[in-house]
Every structure is written in C-alpha cells, then in structure tokens.
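First the structure, in the form of structure tokens, and then the observations on it.
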Amino acid sequence: MQIKLIKNRSDIGAGTRGSDMGIDAIEIAAINQGDDFFDRHAFQDVETHNESIYKKNTNNFAIRIEHVYEQCQRVAAAVKENYLAGFFPIVLSGDHSSALGTISGLKAAHPEKKLGVVWIDAHADLHSPYTSPSGNIHGMPLAAALGFDNIACQINTPGELTTSHWENMKNLSIEGPKIQPADLVFFGLRDFEAAEQQLMEAQHIKFYKVEELRYRGLELCVQEAIVQLKHCDIIYISFDVDSMDCDSVSYGTGTPVPIGFFPNEIISIVDQLLATKKVACIEFTEVNPLLDNKGNKMAETAFQVLDHIVKHI
C-alpha cells in the first residue's frame, strides 16, 4: 500500500516549544544516514498556527484551544482525504494534541466503521479543561475523542468561551465520540494524574505498563490487546516518543519519563498490530530536538522505527 506522510509542524498544544522542529529533525536523521526516505514518499504539509504562541492566551484551562481546534480540523481533513484516496496516512506531528484531528479524520472517512486506538505513550492524555493541572491541550486529545469532561474530578471552572471551544473539540468532524472506552488500549503508561486514573478505572480502560509487558511477555500482552480490539474494523496507532526510555534513548521530548520502552520493543508492538491487517494509520509525535541531550538521538530513533514500519505495511 502506498503511504502518504502528513507533516504537521505544530506545537501550540504543548507546554514546551520545540516539537514543531521534530519532523525536520527526523528528516535530518534520515539524510545523515544516507537514506532518501523522505524523497521516496509522497507527503502533505499541513498549515500551522504556530505564530499564535505570540498572541495573548484567553483560555487558561485550555491554552490556545481556539487555534488547536483549527489545527485539528486541518489534520482531520488531510487524514480523511488521503485515507479515502487509498493512501496509508502516516502522521508526523509536533505535539500530541493533533491526534484528535487524526482520530476524527479517520472516523469521518468511515463513520460506520468501529475505530480502535492503540496509544503508545507514557501519559494518558485524558484530561479536559475541567481537570487539567496545566491547561496544555496535548494532555487532552483522548478525552475529546471519547467525549469525556470528567466532571467528577473537576478542579477548574473554565469560562464560557473555553467550554464552547471544548464542545467544538469533542464534535470535531462528526458529532459525538469517535471511539469507545473498550476500544482504547494503552502501552507504556506510567505518568498520569488521579483524575485520569479514576476515569480509566470507571470506564475500564485497558492499559499495560512497561514492567507488565516485560514480566508477562510482550507478545502475550499485545495479543490480549488485539483480542480486545477484535470487533474494531480499523486500528489507529499513536506513538509518542516519550513512551521510550529517556535514559537509554534521550531526553529529546517535552515530557520525558524514566523506565520506558526500548526501540526494539516499540517495533515489536507495532509489528504484531500490523499483522492484523487492520491498522489504517500511524502517528509519530513529540520529538523535540531542542531538548535532546544526545545530539539528534531521539529523532534518529524515531526514524529507525518509522523506516522499519514502512517496510512492513
């Protein structure tokens, strides 16, 4: 299947600048290896709102939400268009807020199909403007995709403008939730707040910590996830590089967390999922070369995973 690289150089949903340069860092990694990967594959650049970082923020519990919403609209349109055209979209994004756009675009392409999500990440990204301690929207895409406010764990009182934009986020592309809790599986989760934990427990959302995969066996755990998602027609994989071990790889991401996956473990997880023939889209996100303590190591590792995956799609 022919792939299409969708390049979304946006980092306005993050708390730290720099992930907007992550895609270029991955391209540089390929060039330095003498690989013409990015010349061989078709791509689409998504227009960004990065200049909004210099404008006054009016939504403290969902920072720059009006611009993040527009950015997700653009990503959703690109994913939908390319998916319907027969491409396998690989989204290369700055910060993780764009995942809402990717999920919404896939769902809008085929509203009748059941969408499963595999979230490879150190974080749950299940906050809403009502629960977020930071207001950074890269911690909210899954809550929006699920349509959850999590009022039971509310700590913030967003204003009318913020709540209006949040409703738009939850209804991006098509109205209502894009996925169901039973159709979401986490791998690598190890850094989340009480509000997110309570939501996962209440909704019985499945997650695998790194130590569980290593103790019980990676293949067994991934097969369990595949069984859980067997009723899904298509599967989307979101790969946040902070799911990897920051000490063995690098700190080149906005929110590094120790004791994460090794690159070969990420590859093994994705390979098993690809073998189901249900994977319709993969997203790479949160590479931040400005924070890399080992040159361009995080981007080099991301390219290693990307190059392997493309050869096995």
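Computed from the coordinates by the stated procedures, all read-outs in this text should not be read as laboratory data. A quick note: this is a predicted structure, and the numbers were derived from the prediction, not measured. Ideal geometry is used to build each Cβ from the backbone, glycine not excepted, and the neighbour counts take in all protein chains shown.
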| query | Considering segment 231-246 alone, what residues qualify as being assigned to a strand (DSSP E or B) and not hydrophobic (A, V, I, L, M, F, W, C)? | reply | Y236, S238, D240
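Let's see how each residue does on (1) small (G, A, S); (2) under 16 Å from D121 (Cβ atoms):
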position	(1), (2)
A225	yes, yes
Q228	no, no
F239	no, yes
S243	yes, yes
D247	no, no
S250	yes, no
| For the subset of segment 215-227 comprising residues that are among the charged types (D, E, K, R) and within 23 Å of the chain's Cα centre (by Cα), which member is farthest from V118 (Cα to Cα)? | E219
| said: I'd like to verify a number: residues in segment 148-204 that are farther than 30 Å from K113 by Cβ, in contact with a Pro (Cβ under 9 Å, 6 or more places away or on another chain) and acidic (D, E), how many? | reply: 1
| Given (1) out of contact with any Pro (no Cβ under 7 Å at 6 or more places or on another chain); (2) crowded, with 16+ Cβ neighbours inside 10 Å, where does P111 come up short, assuming only one miss? | (2)
| said: Would you confirm, using the coordinates I've provided, whether N8 is surrounded by 18 or more Cβ atoms within 10 Å (Cβ to Cβ) and touching a helix residue (DSSP H, G or I) at 6+ places or on another chain (Cβ under 6 Å)? | reply: yes
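This table checks each residue for (1) at negative phi; (2) among the hydrophobic types (A, V, I, L, M, F, W, C); (3) touching a Cys at 6+ places or on another chain (Cβ under 7 Å); (4) surrounded by fewer than 16 Cβ atoms within 10 Å (Cβ to Cβ).
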residue: T253; (1), (2), (3), (4): yes, no, no, no
residue: F262; (1), (2), (3), (4): yes, yes, no, yes
residue: A280; (1), (2), (3), (4): yes, yes, no, no
residue: K294; (1), (2), (3), (4): yes, no, no, yes
| query | Does any residue of segment 63-85 turn out to be touching a Cys at 6+ places or on another chain (Cβ under 9 Å), under 14 Å from T285 (Cβ atoms) and crowded, with 21+ Cβ neighbours inside 10 Å? | reply | yes
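Are there any strands (runs of 3 or more DSSP E) wholly within segment 28-145 with 1 or more residues that are touching a residue at least 24 places away in the same chain (Cβ under 8 Å), more than 24 Å from I226 (Cβ to Cβ) and within 18 Å of the chain's Cα centre (by Cα), and if so which? So that I can check it myself, show each step before the final result.
On the way: elements: 42-45, 88-93, 115-120.
Those strands (runs of 3 or more DSSP E) span 42-45, 88-93.
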| task | Would you check which residues across segment 239-251 are crowded, with 23+ Cβ neighbours inside 10 Å and of a type in the set (F, W, Y) and list them? | result | F239
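Could you tell me whether L142 is closer than 26 Å to F303 by Cα, buried (at least 24 other Cβ atoms within 10 Å of the Cβ) and in contact with a helix residue (DSSP H, G or I) (Cβ under 7 Å, 6 or more places away or on another chain)?
On the way: closer than 26 Å to F303 by Cα: yes; buried (at least 24 other Cβ atoms within 10 Å of the Cβ): yes; in contact with a helix residue (DSSP H, G or I) (Cβ under 7 Å, 6 or more places away or on another chain): no.
No.
Evaluate the following for S268: is it surrounded by 18 or more Cβ atoms within 10 Å (Cβ to Cβ) and either closer than 23 Å to H138 by Cα or in contact (Cβ under 8 Å) with a residue 40 or more places away in the chain (or both)? So that I can check it myself, show each step before the final result.
Numbers: surrounded by 18 or more Cβ atoms within 10 Å (Cβ to Cβ): no; either closer than 23 Å to H138 by Cα or in contact (Cβ under 8 Å) with a residue 40 or more places away in the chain (or both): yes.
So S268 fails the test.
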| With respect to the numbered conditions (1) over 23 Å from V117 (Cβ atoms); (2) assigned to a helix (DSSP H, G or I); (3) over 17 Å from the mean Cα position of the chain (by Cα); (4) not acidic (D, E), which one is the sole condition not fulfilled by Y251? | (2)
| task | May I ask you to list pairs of residues, at least six apart or on different chains, whose Cβ atoms are under 7 Å apart, with the first in segment 294-313 being in contact (Cβ under 8 Å) with a residue 24 or more places away in the chain and the second being of a type in the set (D, E, K, R) and surrounded by 15 or more Cβ atoms within 10 Å (Cβ to Cβ)? | result | M298/D292
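Name the single residue, out of those in segment 254-288 being hydroxyl-bearing (S, T, Y) and not in a helix (DSSP H, G or I), that is farthest from L92 (Cα to Cα). Can you show your working first?
Applying the first criterion (hydroxyl-bearing (S, T, Y)) to segment 254-288 yields 255, 268, 276, 285.
When the remaining residues are screened for being not in a helix (DSSP H, G or I), the result is 255, 276, 285.
Numbers: T255: 18, T276: 23, T285: 6 Å.
Filtering first and then ranking leaves T276.
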